[in-house]
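Heads up, the thing below is written out as structure tokens.
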Amino acid sequence: MPEITHPGTGSTRLRALKEQGVRSVWFLAASFATLTVFFILLFLLQDALPLFATVSPLEFLTGDTWNPTGAVPSYGIWPLIVGTLLVTLGAMVIAVPLGIGSAVCLAELAPPRVKAVAKPAIELLAGIPSVVYGFFGLIILTDWLRVAFDVPSGESWLAGSILLGVMALPTIISVSEDALNSVPASYREGSLALGATRWQTISRVLVPSALSGITAAVILGMGRAIGETMAVIMVTGNAAIIPDPITNLLSPIRTLTGTLGIEMGEVAVGSTHYHALFGVAVVLLLITLTVNLAALWIMKRIRAGYGTEEQGRHRLRVPGLQRKARLIVGIVLALLVLLILPLPAAAALLVLGAGAVLVHRRLSRANVQHLAFALLWASLGVVLAVLAVILGYIVVNGLPAITWEFLTQPPRDLGRAGGIFPAIVGTLYLVGGAILFALPIGIGAAVYLSEYTRGGRVTTAIRAGIDLLNGTPSIVFGLFGFTFLVIFLNFGVSLIAGMITLGLMILPTIIRTTEEALKSVPASVREGSLALGATRWQTIRRVVLPPAVPGILTGTILSIGRAAGETAPILFTAAVFSTRFLPNSLDDPVMALPYHLFILATTVPGAETQQYGTALVLLVLVVGIYAVAIALRHHSQKKIHW
């Protein structure tokens with residue numbers, strides 16, 4: 001007769017200990033992101049503080065000259081802060097109307113067939129590596145600005161703003177569309193039932209109701225622009241000056257991120273210049289953390305019910321609220337125009353805007369709607385046209401460079417001849433190692449957040465850490481990898497240092513996508529498993545994780561694409577420009593496609609064919625990875641119906 005195990009026996013206690021052990025492991029994985037943010041800030045501060053033995057914090061922040069290598073070194077970062085803010089402001093002026101217009105078009109106007117094409121295309125726009133944007137901007141955009149405005153160089157504040165505006169578009173469009181889709185259908189139906197036109201419903205009901213989410217989208221897009229490194233290095237001219245006058249859009253500028261990317265690789269470790277650069281990194285990190293905390297606060301208000309249906313009705317009934325909101329928006333836009341444009345151009349634009357308002361008031365409701373819908377469709381058309389131009393130009397010019405030798409041979413003559421085989425393999429090595437590092441930690445963190453906790457201060461802190469890690473600029477990851485892995489742990493510039501740095505950068509993406517995949521599994525599935533006597537871990541492992549695999553795989557593929565296209569994190573940790581041999585161990589440095597393209601485009605004359613070929617290979621690799629992720633997600637959404 002078999003032995004019966006009663007509750008309270010050793011077997012039950014062993015199961016309980018095993019469950020507790022598993023929970024502890026996942027808790028540690030979830031805490032890893034928060035600890036990483038803490039350690040990044042700690043190591044940056046540790047290397048920045050020695051600066052203030054010779055330079056006061058006030059002088060550092062407000063000094064108007066950045067010249068660390070001069071006969072009398074100067075360490076004032078005010079021009080760098082102003083340059084960062086100006087290029088970000090210009091990017092938002094471009095991205096916000098286009099992004100919100102495209103989001104409204106996709107959410108309210110686009111038929112399913114158009115949406116099925118446009119949404120993946122916008123996601124592919126997000127997948128284009130920043131160094132490819134920079135390459136396109138350096139070769140095409142700056143040359144066009146030079147000719148159009150008859151200036152010696154097109155590398156300017158305007159070039160940086162245009163490029164960053166395009167790069168911020170996918171974030172603004174995606175989050176804004178989600179916010180619009182979350183507005184209750186009763187709002188739309190009630191407005192139409194009262195006799196409002198579709199445009200009146202959109203502009204006076206749906207957009208105001210989704211304003212919190214749209215604001216969060218703009219803030220996240222702003223964070224994306226502030227943290228960009230490679231594109232601004234390649235197109236802004238990198239002069240540490242404040243434009244004179246401040247409205248001179250064609251003046252070269254330098255940003256905080258650009259300064260780090262340009263100077264960190266050549267500075268002597270331990271010098272005052274070295275410590276000053278870490279001070280720059282601390283300021284950059286604090287700015288981006290502030291921006292992301294603002295976005296988190298807004299999203300928290302949304303989740304807390306700030307946008308519930310009953311409260312929304314009350315806000316929409318407040319007399320004069322919409323008029324006040326429009327007045328505030330108008331004043332803000334007028335101030336931005338006056339700040340950015342020269343006075344004659346600003347005055348002309350304001351007069352044109354005032355005239356448009358007067359014409360708008362005289363038009364019939366039907367004509368106003370036709371005009372508004374035309375502008376919304378034009379916004380979406382511009383976004384898709386930008387994608388087509390970038391992809392088309394690189395494909396057309398890159399195809400002649402693609403030969404068997406180019407894909408299978410090492411570079412020669414400083415990259416002007418030969419191929420990029422070591423760069424392709426090095427990129428795959430870096431990406432593979434990053435995934436091996438980040439995937440188990442990311443899945444474990446997501447399992448803990450989704451399955452083992454429902455709230456509390458610790459969970460809130462962990463989620464905040466993950467969100468802040470997600471908003472940390474890639475160049476800051478590179479600096480942390482340099483000071484912690486390369487120097488402190490003595491890894492040197494190596495494959496392993498690059499893998500870990502990239503792994504830290506993609507960790508939040510894996511956590512978020514895995515958690516969403518786990519949440520998509522109905523609670524009834526878990527309850528049924530637990531009711532049959534399975535432990536929580538058995539339920540997770542055998543019941544919850546299998547149907548969530550497509551979502552987890554999608555997040556993994558997106559992470560692979562992001563890691564493959566990043567340059568800044570490997571600038572100081574792993575990459576070299578040229579080598580004839582593949583790495584023999586994790587201690588060897590490697591070539592990588594993004595870094596190879598950056599050096600070819602900025603420092604090697606006479607390598608145009610190789611530049612286009614490298615850009616095309618990198619673009620095909622990254623966009624192909626994103627396309628696979630989009631297709632996999634679409635397939636899983638059609639296949640799984642709970």
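Every number in this text was worked out from the coordinates using simple rules, so none of it is lab data. Here the structure is a predicted model, which is why all the values come from computation and not from measurement. Ideal geometry is used to build each Cβ from the backbone, glycine not excepted, and the neighbour counts take in all protein chains shown.
Close Lys pairs in the chain, defined as Cα atoms under 25 Å apart and 8 or more places apart or on different chains, number 10. Which of rounded, prolate or oblate describes the stretch 454-538 when judged by the alpha-carbon gyration tensor and an a/c cut-off of 1.5? Because a/c hits 1.5 or more and a/b exceeds b/c, the stretch 454-538 counts as prolate.
Placing R0 at 45 angstrom, the Cβ-Cβ distance between residue 374 and residue 262 gives a FRET efficiency of 0.55 after rounding to 0.05.
Sorted fewest first by neighbouring Cβ atoms within 10 angstrom, 47, 178, 588 come out as 178, 588, 47. The phi-based Karplus calculation (6.51 cos²θ - 1.76 cosθ + 1.60; θ = phi - 60°) puts the 3J(HN,Hα) values of the stretch 197-204 at 6, 4, 5, 4, 5, 5, 6, 10 Hz, whole numbers, x for Gly and Pro. Per-residue ellipticity at 222 nm, computed for the chain from helices alone with -39500 (n - 2.57) per DSSP H run of at least four residues, works out to -23000 deg cm²/dmol.
Applying a 10 Å radius around every beta-carbon, put 149-159, 405-415 in order of their mean neighbour count, most first.
On the way: 149-159: 18.9, 405-415: 16.4.
By packing density, highest mean first, the sequence is 149-159, 405-415.
Between residue 69 and residue 151, the FRET efficiency estimated from the beta carbon spacing at R0 = 30 angstrom works out to 0.65. Any chance you could check the Cα centroid distance between the stretch 548-573 and the stretch 169-238 for me, in angstrom? The stretch 548-573 and the stretch 169-238 have Cα centres separated by 26 Å. Across the chain, the mean sequence separation of Cα contacts (distance under 8 Å, 6 or more residues apart), normalised by length, yields a relative contact order of 19 percent. Shape class for the stretch 421-642, computed from the alpha carbon gyration tensor (a ≥ b ≥ c): prolate, with a/c not under 1.5 and a/b above b/c.
Once R0 is set to 51 Å, what does the formula 1/(1 + (r/R0)^6) return for the Cβ-Cβ distance between residue 290 and residue 524, expressed as a FRET efficiency to the nearest 0.05?
Approximately 0.75, to the nearest 0.05.
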